[in-house]
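The values are calculated or read from the model by the stated rules, or taken from the named source; none is laboratory data. Just so we're clear, the structure is a prediction, and the values are computed from it rather than from any experiment. Cβ placement follows ideal geometry from the backbone for every residue including glycine, while neighbour counts extend to all protein chains displayed. We work out accessible area using only protein heavy atoms, side chains counted, and drop any ligands, DNA or RNA first. Shrake-Rupley method; radii C 1.70, N 1.55, O 1.52, S 1.80 Å.
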Amino acid sequence: MLNDLLARNVAWSKQRHDEEPDYFTRLAALQAPEFFWIGCSDSRVPANVVAGLDPGEVFVHRNVANIVHSSDMNLLSALEFAVDALHVREIIVCGHYGCGGVKAATEDLPHGLADHWLEPIRRLARAYAVDLGREVDLEAQRDRLAELNVVEGVRRVCETPILQRAWRRGANVRVHGLIYGLKDGRLRDLDCSIGPGHFQPTHSAEEVAQ
């Protein structure tokens with residue numbers, strides 16, 4: 001398996017060099033992505049592939065169920081580097097339908113450490129239990145919960161001192177929420193974008209989504 005992976009890498013590298021001889025030289029010289037992507041670790045949702053972007057055009061952080069934890073130093077470090085060092089101006093929180101993390105959060109089964117990680121999704125499920133109950137079936141409920149998780153993630157990114165400082169110094173950073181469909185390969189805008197001058201700390205996830 002590893003030898004096959006390495007062979008694929010050699011073939012890919014040669015193809016890229018043949019198509020664009022200065023491709024790797026250009027990438028090695030500068031990292032200047034336009035987007036910072038906070039996405040799910042699901043292997044079916046690679047950021048640059050689903051967004052049609054080349055390596056070097058998107059700076060990526062991924063975790064189980066694309067959750068924005070205010071105590072996640074990994075995510076916060078990546079966010080700070082993206083905003084302060086790379087000067088990224090478009091931040092995307094992207095979830096996906098059919099998310100295994102959302103499914104696990106709604107099951108009455110033990111999942112080890114994942115149960116601690118997924119607690120924010122269970123909290124959302126409790127908060128929006130009435131709305132979720134209006135969906136036609138369990139799959140639809142979970143897909144709606146995946147959307148709510150993205151909206152909540154956008155809000156929590158905007159609440160970080162990193163974004164608050166950036167906005168105070170005049171940085172034109174905007175945060176967007178997208179959801180990806182595994183069944184059709186399409187990204188959908190959840191219309192919850194927030195930028196300078198639009199953030200109100202008292203907004204709930206439901207208010208941001210409207």
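Among the residues making up region 140-168, a single one is in contact (Cβ under 8 Å) with a residue 40 or more places away in the chain and more than 19 Å from the chain's Cα centre (by Cα): Ala166. Taken together, Gly56, Gly52 contain a single residue that is exposed (fewer than 12 other Cβ atoms within 10 Å of the Cβ) and either more than 24 Å from Leu145 (Cα to Cα) or hydroxyl-bearing (Ser, Thr, Tyr) (or both), which is Gly52.
Once region 91-110 is narrowed to residues that are over 15 Å from Val68 (Cβ atoms) and open to solvent by less than 60 Å² (accessible area, probe 1.4 Å), the residue that is farthest from the chain's Cα centre (by Cα) is Glu107.
The test for being out of contact with any helix residue (DSSP H, G or I) (no Cβ under 7 Å at 6 or more places or on another chain) and farther than 24 Å from Val64 by Cβ holds for Leu30.
One residue stands out among those in region 59-76 that are open to solvent by 40 Å² or more (accessible area, probe 1.4 Å) and among the small types (Gly, Ala, Ser): the one that is farthest from Asn149 (Cα to Cα), which is Ser71.
I'd like to check which strands (runs of 3 or more DSSP E) are fully inside region 17-102 and have at least 3 residues that are at pLDDT 95 or above and more than 27 Å from Arg142 (Cα to Cα). Walk me through how you get there before you give the answer.
On the way: elements: 35-40, 58-63, 90-96.
It comes to none.
In region 23-48, how many are open to solvent by 80 Å² or more (accessible area, probe 1.4 Å) and of a type outside the set (Lys, Arg)? So the answer is 7. For Pro110, the conditions (1) assigned to a helix (DSSP H, G or I); (2) farther than 16 Å from Val175 by Cα; (3) not small (Gly, Ala, Ser) are fulfilled apart from (1). Filtered by the rule that a residue be loosely packed, with under 15 Cβ neighbours inside 10 Å, of a type in the set (Val, Ile, Thr) and in a helix (DSSP H, G or I), region 121-173 gives a lone residue, Val130.
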